[in-house]
1. Which three semi-axes in whole Å describe the equivalent ellipsoid of the stretch 170-289, each the square root of 5 times a Cα gyration tensor eigenvalue, listed largest first?
2. Taking all pairs of distinct Cα atoms, average 1/r, flip it, and tell me the Kirkwood hydrodynamic radius of the stretch 17-153 in Å to one decimal place.
3. For the stretch 105-197, with every protein chain kept in place, what is the accessible area per residue (1.4 Å probe, Å²)?
4. Please report how far the C-alpha centroid of the stretch 242-304 lies from that of the stretch 170-219, rounded to the nearest whole angstrom.
5. Using a 1.4 Å probe, what is the accessible area per residue for the stretch 223-282, in Å²?
6. Whenever you get a sec, compute what percent of the accessible area on the chain sits on carbon and sulfur atoms (1.4 Å probe).
7. Please state, rounded to one decimal and in Å, the Kirkwood hydrodynamic radius that the chain gives when every pair of distinct Cα atoms enters the mean of 1/r.
8. Taking the Cα centre as origin and putting +1 on Lys and Arg beta-carbons and -1 on Asp and Glu beta-carbons, what dipole magnitude results for the stretch 204-310, to the nearest 20 debye?
Amino acid sequence: MSGDTSTQNAIPVSAAAWKALEGAYDLQVHVGPDVIARRIDDIDCAKEFLARGMKGFVIKSHYIQTGERAQVASKAVPGSRVLGALTLNHSVGGLNPVAVELAGRTGCKIVWMPTVDAANETAGRLDGGSAKLPFWAKIQRELAAEGISPPPLSTIDASGALVEPARRCLERIAKHNMILATGHLGRPEIFALVRAAKEMGLKKVVVTHAEFPSQSLTGDEQKALADLGAIIEHCFTTTYTGKAAWETAFANIRAAGVSRAVISTDLGQTINPPVAEGFAMFAQRLLDAGFTADEVRTMAVTNPTRLVEE
């Protein structure tokens, strides 16, 4: 599957798919208000999840800490659990342990390593090509054109060792029992980060959208990372929009193991399906591919719940 036409293809959803998502958490949604236009806001998304019997979701922004928003949304929709997060891009000072500490104090559950400002992520750079750019790439290019584009961020030095600011951030993540997520880092950074996290005793590490083009980790690499203690995240948008083949994602899940996987949507974009519906579409595709309802629940309910609640 390739090209934008894939975003027009609705996947019929069965009652079994919705049933498999009862009590689920989506660990990566891009809902409003945000710098980028979104198809739904925090509160309406919480209402949709609650109506479908799902427990909650984590609000991801590439630019701002979402802990305070999450608290308001949870209060506005009793029975839902909306969770905050932080992404370590330049807008929060990059690899900034102060930002991580304050995120922990406001109840944030996930800290993503750099995404749009990662040295590995080229889409937002003026020389990064122009084919099918993500929405955030336009913002990155506007900032660069205005002369406020600091150097891209890397978590490792020339020798491949984790840089000290990254290590300080990991200490704060561990202190507050948050989830370390790898963001848009490249393969050498991901392995270095996961190894360092294991050495430092972090209990919750997620490899972000492993099939996404700027990561594109093989099944063997995903298994190796899972063997180091990481949970591997597979996102609906990556395959739905044709950035990776469904069969590749299914094979990778089997290679690293269902018990070490989570499924998320990465939805909220105006051109893609509604978040809750997209989550059910993902569950349906997995069921159609031969995964059992219990396996889907492991990836959508059991593993995410353990990550955010324990």
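1. Details: eigenvalues 123, 50, 32 Å².
So the equivalent ellipsoid measures 25, 16, 13 Å along its semi-axes.
2. 15.9 Å
3. Details: 4200 Å² over 93 residues.
The answer is 45 Å² per residue.
4. For the stretch 242-304 versus the stretch 170-219, the Cα centre distance is 19 Å.
5. Result: 26 Å² of accessible area for each residue.
6. 54 percent
7. Details: mean 1/r = 0.0521 Å⁻¹.
For the chain, the Kirkwood estimate is 19.2 Å.
8. Numbers: 8 positive and 13 negative charges, 7 e Å.
Roughly 40 debye for the stretch 204-310.
The values are calculated or read from the model by the stated rules, or taken from the named source; none is laboratory data. Keep in mind it's a predicted model, so treat the numbers as computed, not measured. Cβ: placed from backbone, ideal geometry, glycine included. Neighbour counts: every protein chain shown. Note: areas computed on protein heavy atoms with side chains; ligands, DNA, RNA excluded. Shrake-Rupley method; radii C 1.70, N 1.55, O 1.52, S 1.80 Å.
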